[in-house]
Amino acid sequence: MSLLPIKKKLGTGLVAGLAVLALAACTSNDPKSNSDNLAGGTTAAAQGSNDAAGDKIVIGFSAPAADHGWMGSITESTKKAAAAYPDVELHVAEGTNDVNLQISQVETFINDKVDAIVLLPFDGAAMTPVALKAMDAGIPVINVDREFDDPNAARVTVLGDNYGMGVSAGTYVCQQLGDKPDAVVAEIAGIDSLPLTQDRSQGFKDALGTCGLNVDNRVAADFTVQGGETAAANLLQAAPHIDALWNHDDDQGVGVLAAIENAGRDEFFMVGGAGSANAMRSIQAGDSVLQATVIYPSTQGADGIKLARLLVQQKALSDLVEVEVPRLVQLYAPVVTKDNVDQYIDTAFES
Amino acid sequence: MSESVGGVSTPEGPTAGDGPTRDTERVERAAEETARDSGGALALLQTTAGRSLGLVVALILLCAVGMITAGDRFASYDNMMTILRLAATIGVVSIGMTFVITGGGIDLSVGAILALSSVWCTTLSTQTMAEDTHWSVMVVVALLVGAGCGLINGLLIAYGGVVPFIATLAMLASARGLAEIISNRRTQIVHVQAFKDSFNSEIFGIPLIVVIFVLVAAIGWVLLNRTTFGRRTLAVGGNPEAARLAGIHVKRHTVLLYVLLGLCCGIAALMLVSRTTTGSSTHGTLYELDAIAAVVIGGTLLSGGRGTIVGTVFGVLIFTTLTNVFTLNNRSISEQSLLKGLIIVAAVLLQQRLASRKGNT
Amino acid sequence: MSTTTKPGVLLQMTGIVKEFPGVRALGGVDLDVRAGEVHCLLGQNGAGKSTLIKVLAAAYQPDEGTIRWDGVETTLSSPMAAIKLGISTIYQELDLVADLTVAENVFLGHEISRGGISQRSRANRLVRDLLARLGHSEISPTRIVGELSPAGQQIVSMARALSHDTRLLILDEPSAVLDQGEVDNLFRVIRGLTAEGVAVVYISHRLEEIRKIGDRITVLKDGITVATGLAAADTPTSRLIQLMTGRSIEYVFPARPVEARDQGKPVLEVRDLALPGVFSGVDFTVHAGEIVGIAGLVGAGRSEILETVYGARRASTGSVSVDGKQLRRGSVPAAVAAGVGLAPEERKSQGLLLDQAVYRNITISSLGRFARGGFLNSAAERRRATELTTSLDVRPAGVVRAVRTLSGGNQQKVVLARWLLRDCRVLLLDEPTRGVDVGARSEIYALVRTLADSGVAVVVVSSEVEEVLGLSDRVLVIREGVVVHESAATEIDESRVLDLVMEGRVA
């Protein structure tokens, strides 16, 4: 488990008691720990000299509340990535959906004069002023997943690719159904009003267009198991025959699969989204309609840590010629199928 | 700190019957009264201070923990300002909430009103108007929206006969819904530079929003303790029927209380808008719980009739300092929430113990 | 082991004393009730009847005295113990849950169930039997109680009493809510019960009823049994009224001014005031310096008249004028602004902010006087309040103590001080001496008279006829929401007032 360099001075009896409680709570549902190799990068990435210990640095990290498996995994993997470096001390200001509080957390980091801040804002625009303040104070900010509205507010931005997710899913569906122009394609989206959902759907639609398919049935859920179940049950009622189904999110996918099971339907294949370990195990086992999932990496925070470290220790991305760390890193959204699931399952998140 | 609260010291002693008493007894009692009366003001001060004392001790303990665990990182000027900036928004809401709770009500919609105010004052049209005329247009809009929502709450409760819990629950849902509709669920960014500059300025090195918090607290204290409005609030909260029969416009007063809180939400919305340079329908989520918690641990009676602004300010500071100490020490939000819950329960149990002891004398 | 009880005596109470702080509610009551009889309790308001039946129901524990049940000395430790013995009480204010069904109400607290699962059909069947026994099989056990008429609700209460094995049934003014036909039916039910050997304690103000249904009468006065075992059928009315009136304790009423007051300027004019279902056509004038008393039974509309004059209730017709200016209907602030003050009946729940300081209770209606631009001058408040409490001799002194810590009489003085401070023109006093002990009463009477002498128009409502007659210059007698008599207080005596208010509809 992670051994954070937490200052143990706060060891008052009360906090000790809390810690015991917290540990008890952790061990009861600790996910089968499977991704200890985060520190060295994914299996594909070679372990470079950059991992050699450098100057001791302090990184502050703040993210929204872990009310979704993906978000929980962000914090987990970030902590793990930091723990793997003896030269990194991570200050975690944990999970809040209150921008006022998150601003205050970042202010604390600034007061503390940390060397870098990795920030996954609850609301990118709302966190921009305080990020600017940090940059003004000479602290590089690594913006993760939700973009600030001012490019000067971050030194590096690490983003997933929502449009790319849709494209990947669409392309996969095309590959499977390309020869059937009248195949029925369905889609279960996340929260419809979010730009990220709109981007994903747009990508999906565009990719399907290239092979002459279109979305016949579309419903939206809300990223929760319960919402997925409800949306899927309605969709299955509305569409008596389906050939392919894309579900944006594997967390809500648990509910979607339950609804499919209940309806006794198996005439179609399903593609997931985000890439939870659950979904990948299911793909590996091949025991359900879930054939593939499209990854929206939950390792963005971990990559943020790595980039922050390089930045502060003035190292370059070793495989690039450029001597500075790039301004923007956008992560790829690969399709995971039974054939390549082994490659990804270790970095997948537990929902 | 000579704040007088609604409740009054209850000196133990015989609840003297005024029946035929023998002269000696009467003389003795009179002497006792004189002795006690000379110390009346002092006794009042002592109990009020006594009530706040627990909070002071709690805050000092918390600061001690902060100093021990984080040293200068905690005890720096910058960190104090960080705590106060965090406290300012929720503090202004809590001060308004103190009035409503003292007046025998409750308001669950403060977070939603804050969100709606923040959204309304940052719409494109508001901002355009502000740029064309003056940035204070945004201030006026936020305050009007807050006060308007409070007015609706108050009218529903006082004249519609809807219980406060339900009326404000409805406002919670609909104000946030309206905020989402207006903003289209997008975060609205403030472009009016003059607004940002004004609100993010400092006065003698103290951030403006902290100054506003202090002002609101001071005005709130005076209003509750030194004006007819405050006295009537205590009466309406303590016994609405007796207040009505004493000739107080109870309904009108109730409306005013909710308008006042709505206004505070508008002020808090401006503070949050300036802090984030955005207006959003997600601003202020769950602030109602934070505000009620701060008010209650401060010593204001949830059933009304007794309220303390100083207590509320301490309540807010305790919670925000707790958050700060936990952040400085890398502790998780979950532990914080757990501790927060324990503090609330402890404070309320203590309050009830005091109340029951008072009832017995 | 008792040998003194006569055969057939079910309940014997001897020397029952019950004291409340400052008030001796029962000062030695004797009562014996025989199985199968209807024993009537008679007495004025405040004579101790309610306290006595609460002792019987074990809602109060007596301070002294013995209770024998079936010849054995017993302590009634809890209401449940009283019910187990077979004592059931039906209060004037029926204690039914309006939203539950008849059957659910009957078995409230001892639900018919097996293993925690309620057995509704069995309960309904049992209730149907009980209702049939009471001659009301038309009431369905599944009806919602709130939908029944008052008479029907009373029957449900009785069914509840019978659902326990009742041997003594206490009925507190059962006929107050009933019309003639319903009263006849009630009597039929009572006769049926007594025929089964159940004893009934019957409390009523209506002599006619007592003569019709009662066997024996016990008369209470000032918490003491003054006569017992009187034959209900042939004790003369004059003798009963004589027993009920004439106090052992003489109150000191202040002397009336020599010249008649109704020659002064009219201050309060009430014209044709009506509140639907409560009172109508109330019409009176109070002159400066005059005290007008209103006498009547509980529920006759006395308090409602005062509250309507004060604007706390909204009159349907009629007008109230103070110094010739008509008040806005249904507005307390308007009345207060015009100089009207009310000392309400329920002093603690309606009159005072119990946890607040004495001075704050006094100044609450005159805050404007101590404020400049909304800012209060507390020192001035306390100073003025201290002057008032000193002149009224409020004890203990000290205006920052909570009003809760004062006795009833002193609390009443605080309420009066509030209106004194306002220099009010009209003072409405509802039961000004309720919960006030004997010594303090005289002080309050003197205070009221002093106020009147200073030119205030005073209206006093009281359940105690002697108080109304002793204190007032002029008296109105109310029966069922109508003024049935008006005269100078000196022109009418207590027994005549009692005659007027007790002339039941049964006559």
- Message: Can you give me the Rg/Rh ratio for segment A:162-295, using Cα atoms for both radii and the Kirkwood formula for Rh?
- Response: 0.92
- Message: Need the per-residue list for segment B:308-331: every residue with at least 50 Å² less accessible surface in the complex of protein chains than in the chain by itself, probe 1.4 Å, sorted by number.
- Response: B:327, B:330, B:331
- Message: If R₀ is 56 angstrom, what is the calculated FRET efficiency for the pair residue A:330 and residue B:222, using the beta carbon separation as r and rounding to 0.05?
- Response: 0.50
- Query: Just counting partner chain Cβ atoms within 10 Å, what average do the residues of peptide C:389-397 show around their Cβ?
  - Reply: 3
- Relative contact order of segment C:389-457: what whole-number percent is it, with Cα pairs under 8 angstrom and at least 6 residues apart? 34 percent
- Task: For helix C:180-195, report the angle its Cα long axis makes with the longest principal axis of the Cα atoms of chain C; keep it between 0 and 90° and round to the nearest 10°.
- Result: 40 degrees
- Spherically averaged projected area in nm², based on the convex hull that wraps the Cα atoms of segment C:433-489: 4.3 nm²
- How much accessible area is lost when chains B and C come together, counting both sides, with a 1.4 Å probe, in Å² rounded to the nearest 100? 3400 Å²
- Query: Residue by residue through segment C:326-333, which ³J(HN,Hα) values in whole Hz follow from phi under the Karplus form 6.51 cos²θ - 1.76 cosθ + 1.60 (θ = phi - 60°), with glycine and proline marked x?
  - Reply: 6, 8, 5, 5, x, 10, 5, x
- Task: Please list the radius of gyration and Dmax for segment C:1-137, considering alpha-carbon atoms only, with Å as the unit.
- Result: 18.0, 51
- State, to one decimal in nm, how far the label point of residue C:195 lies from the label point of residue B:67, with both points 7 Å from Cα in the Cβ direction. 8.9 nm
- Just how far, in whole angstrom, is segment B:55-87 from segment C:424-490 if you go by their alpha carbon centroids? 64 Å
- Query: Can you give the % of DSSP beta bridges in the protein assembly as shown that are antiparallel, to the nearest 5?
  - Reply: 45 percent
- Query: In terms of solvent-accessible area of protein heavy atoms at a 1.4 angstrom probe, what is the ranking of C:50, B:332, highest value first?
  - Reply: C:50, B:332
- Message: Quick check: residue separation of residue C:80 and residue C:20 times 0.36 nm, minus the Cα distance between them. What number comes out in nm?
- Response: 19.3 nm
- Leaving out ligands, DNA and RNA, what percent of the accessible area of the protein assembly as shown is carbon and sulfur, probe 1.4 Å? 56 percent
- Message: Over the Cα atoms of segment B:72-360, each weighted equally, I'd like the Debye log10 I(q)/I(0) at q = 0.07, 0.14 Å⁻¹, rounded to two decimals.
- Response: -0.26, -1.02
- Message: Taking just the alpha carbons, could you work out the radius of gyration and Dmax for chain C, both in angstroms?
- Response: 25.0, 78
- Task: Just tell me how shielded C:353-363 is by partners: mean number of partner chain Cβ atoms within 10 Å of each residue's Cβ, no decimals.
- Result: 6
- 1.4 Å probe accessible area per residue over segment A:59-127, in Å²: 20 Å²
- Item | Among B:144, B:195, B:334 the positive-end extreme of the charge dipole of the protein assembly as shown (Cβ point charges) | B:144
- Note on the structure: Relative to the compact-globule estimate 2.2 N^0.38 Å (N residues), the Cα gyration radius of segment B:128-208 stands at a ratio of 1.43
- Message: Distance between the C-alpha centers of segment C:64-82 and segment A:204-252? Whole Å please.
- Response: 76 Å
- Query: How well do other chains shield peptide C:332-339, expressed as the mean number of their Cβ atoms within 10 Å of each residue Cβ?
  - Reply: 3
- With +1 on each Lys and Arg Cβ and -1 on each Asp and Glu Cβ, and nothing else charged, work out how big the dipole of the protein assembly as shown is about its Cα centre, in Debye to the nearest 20. 3180 debye
- Remind me, relative contact order of chain C in percent, using alpha carbon pairs under 8 angstrom and six or more residues apart? 15 percent
- Can you give the three extents of the C-alpha atoms in the protein assembly as shown along their principal axes, from longest to shortest, in whole Å? 122, 72, 59
- Task: Provide the per residue accessible area, probe 1.4 Å, for segment B:72-360, rounded to a whole number of square angstrom.
- Result: 36 Å²
- Item | On Cα atoms only, tilt of C:408-421 relative to the major axis of chain C in degrees | 30 degrees
- For segment A:209-290, which GluC sites (Glu not before Pro) are in a loop by DSSP, counting at most 14 other Cβ atoms within 10 Å? A:267
- Query: At residue C:375 and residue C:490, where each label point lies 7 Å from the Cα along Cα→Cβ, what is the point-to-point distance in nanometres?
  - Reply: 5.6 nm
- Query: On average, how much area does the Cα convex hull of segment A:307-349 cover when viewed from any direction, in nm²?
  - Reply: 4.5 nm²
- Task: Between the alpha-carbon centers of segment B:100-130 and segment A:56-132, tell me the distance in whole angstrom.
- Result: 29 Å
- Message: Below 8 Å between Cα atoms, with a sequence gap of 6+, how large is the relative contact order for segment B:72-360 in percent?
- Response: 35 percent
- Message: Tell me the Kirkwood radius of segment B:80-182: reciprocal of the mean inverse pair distance over distinct alpha-carbon atoms, in Å.
- Response: 14.7 Å
- Go through segment C:477-488 residue by residue and turn each phi into a ³J(HN,Hα) via Karplus (6.51, -1.76, 1.60, θ = phi - 60°); whole Hz please, and just put x for glycine and proline. 10, 10, 9, 6, x, 10, 6, 9, 7, 9, 6, 5
- Item | Values of log10 I(q)/I(0), in the order q = 0.24, 0.25, 0.27 Å⁻¹, for segment A:234-301 under a Debye, Cα-only, solvent-free model | -1.05, -1.13, -1.28
- Message: Give me P(r) over chain A, computed from all C-alpha to C-alpha distances, binned every 10 Å, as integer percentages.
- Response: 5, 24, 31, 24, 12, 3, 0
- Task: At a probe radius of 1.4 Å, figure out the A/B buried accessible area, summed over both chains, and give it in Å² to the nearest 100.
- Result: 3400 Å²
- Item | Estimated distance in nm for a label pair at residue C:480 and residue C:390, the labels positioned 7 Å out from Cα along Cα-to-Cβ | 5.5 nm
- Message: Under a Cβ-only charge scheme (Lys and Arg +1, Asp and Glu -1), can you give me the dipole magnitude of segment B:72-360 about the Cα centre, in debye to the nearest 20?
- Response: 880 debye
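The values are calculated or read from the model by the stated rules, or taken from the named source; none is laboratory data. None of the values given here were measured: they were computed from a predicted structure. Neighbour counts are summed over all protein chains in view; Cβ atoms, including those assigned to glycine, are modelled from backbone coordinates with ideal geometry. Keep in mind that these areas ignore ligands, DNA and RNA; they rest on the heavy atoms of the full protein, side chains included. Shrake-Rupley method; radii C 1.70, N 1.55, O 1.52, S 1.80 Å.
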